[in-house]
Amino acid sequence: MKQLLILSGKGGTGKTTIAGAFIRLACAKAYADCDVDAPNLHLIMARDIGPRLTDYYGMPRAEIDPGKCVGCGECVRNCRFDAILDGDRCKIDPYSCEGCGVCEAVCPAGAVSLKPVVAGELKLYHKEDRVFSTAQLKMGGGTSGKLVTEVKKQMKSAAYEGAELAIIDGSPGIGCPVIASLSGADMVLIVAEPSISGISDMKRIVKTAEVFHVRIAVCINKYDVSPVHSRKIQEYCKTENLPFAGVIPFDPEAVRAVNNGLAISEVDCPSGVAAKEVFGRVMGLLFQGFGESSH
Amino acid sequence: MKNRSPKIAVLSGKGGTGKTFVSVNLASIAGRSVYVDCDVEEPNGHLFLKPEAFCEETVTVGIPFVCEDLCSGCRKCVDFCKFNALAFIKGRPYVFEEVCHSCGGCRLLCPEKAIGEAEKSVGKIQRGVAGNVSVHTGILNTGEVSGIPIIKKLLEASISENERPVFIDCPPGSACIVMESIKDADYCILVAEPTVFGVHNLNMVYELVRLFRKPYGAVLNKCLGEGNPAECFCKENDIPVLYRIPFDSRLGTLNANGKIAVLESKRYRDLFSSLLRIVMKEVPGETAVDS
């Protein structure tokens, strides 16, 4: 099963909108939303079925038994995350604790223990031969990279053997959830936005994907908002030898489609038509290989 | 405690709703102010503010290394590490830097004192000035996992600039990096766009600010004439709407070119002046002196 991952660096460039269109166009049998901080794909992809829910346990969290605590302050001195509040008879700040266990190890009184914590919820939608894996991080749940790995694992183990393609909607940024989503991806499609912010962020996500040796293609969403910057993105792709998969216009119909719970490819609109062309090129790259550059 | 200036965090859950737009323009209209870009994965505020007179500081974390001569191969470090950043290979512990959280536990527990710590750069902080705005930017190195150490350092530094309002431009999402960014904020502005995506993510940051017991209000951005699902959400949940910024295609062009709206157009000067007044009224105890 080939994995296509959709990323952008900058938020709000249209990752989920394009992922939704691709899933419909490909009749994908396996797909996932790895933006566990702010998942949205289910809003347009899972209209008529309920998910199967599983609790996700993140890192454990320290707890101090006030009955056993001797107030020596060893834990406070050794905690590197400032998670132990000194003034309050060694209370733990649950949002700062990373569950490393140093406090437990240094406590001479055995007053600290690590307790498992539900940090989010995994969701699996299953209909006929299609599986859709997603999750929601609990507020205050902390790091999201591990949950991203679980989302992908859940998708892979539920997918049918015959599924050739998995489409994965990623998160913005370049940090832990993005890096977790990159592992195992066969190709990244970067949805760039034609603005100085969009270009700066695109360059950073390209560099990040390169660190992890994943193949990259680029498309531009809302290209007509700034043709000047769209040209710059295309020039950048040429210099960096990144295949360019096409452009999608700004389209108020896209907002309407999304607000009605539809993918843009399900509605007769300019952005839907353009997304189909981009989809064709991306599938060519993914299944026929990059070979020579497509410029 | 001295009279302290308010710290105002701007967040949204969803990316691309206008966090940087709102915080850069508020900082610019506020006169003497501090702008802190906590979106260290993709910092963009500096592209608009274009600060001068840079000073740069590297942010490092401690990464363990094993002195082979001293290591007895007891495995205590490997068994302790909750992040699986140490693996036992050919009778010796091996460090995987990318997953290390720098908790220092392995070093602390090693009975042979065979583990040392080397500083590893994870990113940097840049400070500069743009007119009346003092600009602090955090930048995570590409390939690094966590921006938390950078955000911590950024916010520490901005505290020292007293008597100026501080505007904190937060990362998207609602995970640990956002929590770190709003931890010391006095007030949170939630920026939402009029889509079902925007609403779903507004709901998440709304939960987050309540969990942190922060006072909050919403700015509805890119408002179109038709029904706004974000506005309905605010109404249902009694979220005060501070301002409605209408969709404006000219704004798209200004943004694309890295221009600051309040410096380019009277309309936006007026708009952000009144938004600033509204926000400052909402910030609790803004003028109170706590001696």
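The numbers here are math on the coordinates, done by the rules we state, and not lab data. As the structure is a computational prediction, the values presented were derived from the model and not from experiment. Methodologically, a virtual Cβ is constructed for each residue, glycine included, from the backbone with ideal geometry; neighbour enumeration extends over all protein chains shown.
Between amide H atoms placed 1.01 Å from N, distances below 5 Å from B:Gly143 occur with no residue 5 or more places distant or on a separate chain. Only Cα sites of the range B:68-113 enter the Debye sum here, all with the same form factor; the resulting log10 I(q)/I(0) across q = 0.17, 0.29, 0.31, 0.34 1/Å is -0.41, -1.18, -1.31, -1.44, listed in q order.
Between the listed residues A:Val151, A:Tyr95, A:Ser197, the Cα displaced farthest toward the positive end of the dipole of the protein assembly as shown, a dipole computed from Cβ unit charges relative to the Cα centre, is found at A:Ser197. Helical content alone sets the calculated 222 nm signal of the protein assembly as shown at -10000 deg cm²/dmol, taking -39,500 (n - 2.57) per DSSP H segment of four or more residues and averaging over every residue. Think of it this way: in chain A, A:Cys27, A:Cys34, A:Cys69, A:Cys72, A:Cys79, A:Cys90, A:Cys97, A:Cys107, A:Cys176, A:Cys219, A:Cys237, A:Cys269 stand alone, with no other Cys Cβ under 4.7 Å. Applying both filters, DSSP loop and at most 12 other Cβ atoms within 10 Å, to the trypsin sites (Lys or Arg not before Pro) of the range A:39-71 gives A:Arg47, A:Lys68.
Under 5 Å from the amide H of A:Ala245 lie the amide H atoms of A:Val218, A:Cys219, each residue being 5 or more positions distant or on a separate chain, with H modelled from the backbone and absent for Pro and chain starts.
Sequentially through the range B:79-96, phi angles give Karplus couplings (6.51, -1.76, 1.60; θ = phi - 60°) of 5, 6, 4, 7, 9, 6, 8, 10, 10, 9, 10, 6, x, 9, x, 10, 9, 9 Hz, Gly and Pro residues having no value and appearing as x.
For the protein assembly as shown, give me the percentage of DSSP beta bridges that are antiparallel, rounded to the nearest 5 percent.
Here the share of antiparallel DSSP bridges comes out near 45 percent.
Give the average, rounded to an integer, of partner chain Cβ atoms located within 10 angstrom of each Cβ in B:34-45. If you average over the peptide's residues, the count of other-chain Cβ atoms is 4. When only the Cβ of Lys, Arg, Asp and Glu is charged (+1, +1, -1, -1), the dipole of chain A relative to its Cα centre reaches about 200 debye. Counting only Cβ charges, +1 for Lys and Arg and -1 for Asp and Glu, the dipole size of the range A:1-115 around its Cα centre is about 600 debye.
Of the options A:Ile174, A:Gly14, A:Leu286, report the single residue whose Cα projects farthest towards the positive end of the charge dipole of chain A (beta-carbon charges: Lys, Arg +1; Asp, Glu -1). Result: A:Leu286, furthest along the dipole toward the positive end. As a proxy for reagent exposure, A:Met202, B:Met179 were ordered by neighbouring Cβ count within 10 angstrom, fewest first; the result is B:Met179, A:Met202. Relative to the longest principal axis of the Cα atoms of chain A, the long axis of helix A:196-211 lies at roughly 70 degrees. In chain B the longest region clear of GluC sites (Glu not before Pro) that are loop-assigned by DSSP and have at most 12 other C-beta atoms within 10 Å covers B:69-162.
Couplings 3J(HN,Hα) for the range A:266-281, derived from phi with the Karplus relation 6.51 cos²θ - 1.76 cosθ + 1.60 (θ = phi - 60°), are 8, 10, 7, 8, x, 5, x, 4, 5, 4, 5, 5, 4, 4, x, 5 Hz, where x marks Gly and Pro.
Backbone phi angles across the range A:128-133, fed through the Karplus curve with coefficients 6.51, -1.76 and 1.60 (θ = phi - 60°), yield HN-Hα couplings of 6, 9, 10, 10, 10, 10 Hz in residue order; Gly and Pro are listed as x. The mean number of partner chain beta-carbon atoms within 10 angstrom of a residue's beta-carbon across peptide B:13-19 is 6.
Residues B:Ser33, A:Ser144, B:Ser249 in ascending order of nearby Cβ atoms (within 10 Å, fewest first): B:Ser249, B:Ser33, A:Ser144.
Across the options B:Cys176, B:Leu276, B:Thr195, the greatest Cα extent toward the positive end of the charge dipole of chain B (unit charges at beta carbon of Lys, Arg, Asp, Glu) belongs to B:Leu276.
Magnitude of the charge dipole for the range A:59-116, about its Cα centre and with charges confined to Cβ atoms of Lys, Arg (+1) and Asp, Glu (-1), is about 80 debye. In the structure displayed, which of B:Lys14/B:Lys266; A:Lys146/B:Lys120; A:Lys10/A:Lys156; B:Lys124/B:Lys214; B:Lys183/B:Lys281; B:Lys19/B:Lys266 lie more than 25 Å apart, Cα to Cα? Distance filter (> 25 Å) returns B:Lys14/B:Lys266; A:Lys10/A:Lys156; B:Lys124/B:Lys214.
Size estimate for the range B:114-163 follows the Kirkwood approach: the inverse of mean 1/r over distinct Cα pairs works out to 12.6 Å. Taking a label point 7 Å from the Cα of A:Arg47 along the Cα→Cβ vector, which residues of the range A:256-287 have an amide N closer than 20 Å to it? Within reach of a label on A:Arg47: A:256-276. Counting Lys and Arg as +1 and Asp and Glu as -1 over every other residue whose Cβ lies under 13 Å from the Cβ of A:Val214, the net charge comes to +1. For the range A:59-116, the mean projected area of the C-alpha convex hull, equal to one quarter of the hull surface, is 3.3 nm². Ranked for footprinting exposure by Cβ neighbours inside 10 Å, fewest first, B:Asp248, A:Asp35 give B:Asp248, A:Asp35. Using the Kirkwood formula over every pair of different C-alpha atoms, what hydrodynamic radius in Å results for the protein assembly as shown? When all Cα pairs of the protein assembly as shown are included, the Kirkwood radius is 24.8 Å. Multiplying each eigenvalue of the alpha-carbon gyration tensor of chain A by 5 and taking the square root yields semi-axes of 41, 22, 17 Å, largest first, rounded to whole angstroms. The trypsin sites (Lys or Arg not before Pro) of the range B:135-214 that DSSP puts in a loop, and whose beta carbon has at most 12 other beta carbons within 10 Å, are B:Arg213. Counting Cβ atoms of other protein chains within 10 Å of each residue's Cβ and taking the mean over peptide B:144-152 gives 4.
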